[in-house]
Amino acid sequence: MSALHPPLFERLIPLLDPLHPAELHGLLCGLLCAEGELALDRWLQMAREALADDVELSASVQDLLAKLLDYGVAQLSDPDDSVTPLLPDDSAPLPQRADALGEWCQGLLYGLGMGHVEQRGGLSGESREFLRDVADIAQVGFDQASNETDETAYAEVVEYLRIGLLIIQHDLRLAAPSDASSPH
């Protein structure tokens, strides 16, 4: 996990209540995949709506959201495909990390939905299957002590989500030229 994750994740927690930082990052990833580019004003408006009844965001929250946008854009445009869900550090208890993973999945689905991805078409069968899996993962809970097998399974799910996100992004980029010619 990137060294940037824990500090950013920890700084976002108290500022974003009731929205979970992982959910917000998932939302951002979904929007960036769906829209390709996302202006800061649009991102702040969407985050404001998602946070709590369209409340006014403090300057410090807006600054963190701008940094999260920059971070998400950098991840999704990295030629090394280094995008990774923003989740608690691996030292956090597995149930907490699993819950955050579910929140990230919910955010991703919400962001892709806001971008009307299903209506635009262009998703491969692999991407559609991935989205069904994401919906299932979003519902999974974990409330027991973990063992090595659980840790391995968690790491595999995180990797699956990372790769699946890249596949969706790829599908949507291939479909983008035909979308540009249709009126919005």
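Since every read-out is calculated from the coordinates, none of them should be taken as a lab result. None of the values given here were measured: they were computed from a predicted structure. Cβ sites come from the backbone with ideal geometry, for glycine too, and all protein chains shown count toward neighbours.
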³J(HN,Hα) computed for each position of the range 154-166 - Karplus, 6.51 cos²θ - 1.76 cosθ + 1.60, integer Hz, glycine/proline x: 4, 4, 5, 5, 4, 5, 4, 5, 4, 5, x, 4, 5
Kindly list the residues of the range 56-93 that lie in the label zone of Asp150, defined by a backbone N under 11 Å from the point 7 Å along the Cα-to-C-beta vector. 93
With N residues in the range 23-112, Rg(alpha-carbon) / (2.2 N^0.38 Å) equals 1.09
Listed peptides 80-88, 129-137 by packing density, highest first (mean Cβ within 10 Å): 80-88, 129-137
Using θ = phi - 60° and the Karplus form 6.51 cos²θ - 1.76 cosθ + 1.60, what ³J(HN,Hα) does each residue of the range 62-72 get, whole Hz, x for Gly and Pro? 4, 5, 5, 5, 5, 5, 5, 4, 4, 4, x
Net lengthening on full extension, Glu37/Gln139 (0.36 nm per residue, minus Cα-Cα): 33.8 nm
Cα convex hull of the range 108-168 - mean projected area over all directions, nm²: 4.6
So how far apart, in nm, are the two label points at Ser82 and Asp63 if each is 7 Å from Cα heading toward Cβ? 2.4
